[in-house]
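S.K.: Sharing a structure below in structure tokens format, with a few things to ask.
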Amino acid sequence: MKETMKRYLLCALLVIAMTALSCCAKKAEVGELDEVAASRGPEDVSDIVYIDENAIALAADAATTETAGTAKAAFDLVNQTRVAAGLNALTWNPGLEQACYVRAQECQSLFSHTRPNGTDWWTVNSDLMWGENLAMHYYDANSAVNAWLASPTHRANIMSGFTSGAIAIHQASDGTWYWAQEFGY
């Protein structure tokens, strides 16, 4: 009788442990997107060119090997999706990559298409930035890209007529990953 009770107790503990691990695993996979993707058109062009050189200089050394590799993997997945749909692959744009680093870092303090200084997202470099997707709490390329593709506005940016792009990830001190995907022509 004692042996049977021990087995039931052991089984119950295993079920509880597996349930707890399952809940944690699901929570880790669930990230967040900004409410809608951002883009601008020719009507949004002014005579003023915005290039935030100070922010770009500060963000230059932001990537870790892990986040840079994951960002490149996500970019490859985006291109696979585009090509499968009959679109051209995006070319990697180093200027947009710099803007991505700025935006990913800024999202740590304000997760929005408005920059922490109150200006629009594209004012990091108005010559290059024409579309933006943001995400946070995703820790692999597949989950971030799948989330963007599942959102109509984010998918529209990915599947649009943009010709270049880049992705960067900022890892905050608490471990949170903030993603910025920028698009251009």
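S.K.: Of the conditions (1) among the hydrophobic types (A, V, I, L, M, F, W, C); (2) within 24 Å of D127 (Cβ to Cβ); (3) at pLDDT below 95, M159 satisfies every one except a single condition; which number is it?
M.R.: Going through the list (1) among the hydrophobic types (A, V, I, L, M, F, W, C); (2) within 24 Å of D127 (Cβ to Cβ); (3) at pLDDT below 95, M159 breaks only (3).
Residues are listed down the side, and each one gets a yes or a no for (1) open to solvent by 60 Å² or more (accessible area, probe 1.4 Å); (2) under 14 Å from E32 (Cα atoms); (3) assigned to a helix (DSSP H, G or I); (4) modelled with pLDDT under 95:
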| site | (1), (2), (3), (4) |
| --- | --- |
| K72 | yes, no, yes, no |
| R82 | no, no, yes, no |
| A89 | no, no, no, no |
| E97 | no, no, yes, yes |
| N146 | yes, yes, yes, no |
| H170 | no, no, no, yes |
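S.K.: Since T153 meets every condition but one in (1) of a type in the set (V, I, T); (2) under 20 Å from N93 (Cα atoms); (3) out of contact with any Lys or Arg (no Cβ under 7 Å at 6 or more places or on another chain), which condition does it not meet?
M.R.: Evaluating T153 over (1) of a type in the set (V, I, T); (2) under 20 Å from N93 (Cα atoms); (3) out of contact with any Lys or Arg (no Cβ under 7 Å at 6 or more places or on another chain) leaves (2) as the failure.
S.K.: Still on this structure, please answer the following. Going by what's in this entry, would N133 be described as in contact with a Phe, Trp or Tyr (Cβ under 8 Å, 6 or more places away or on another chain), closer than 17 Å to W92 by Cβ, modelled with pLDDT of 95 or more and open to solvent by less than 50 Å² (accessible area, probe 1.4 Å)?
M.R.: Criteria met by N133.
S.K.: With respect to A68, determine if the residue is at pLDDT below 95 and small (G, A, S).
M.R.: yes
The values are calculated or read from the model by the stated rules, or taken from the named source; none is laboratory data. Nothing here was measured: the structure is a model prediction, and the numbers come from that model. Methodologically, a virtual Cβ is constructed for each residue, glycine included, from the backbone with ideal geometry; neighbour enumeration extends over all protein chains shown. Each accessible area value is taken on the protein alone, full model and side chains, heavy atoms only, with ligands, DNA and RNA left out. Shrake-Rupley method; radii C 1.70, N 1.55, O 1.52, S 1.80 Å.
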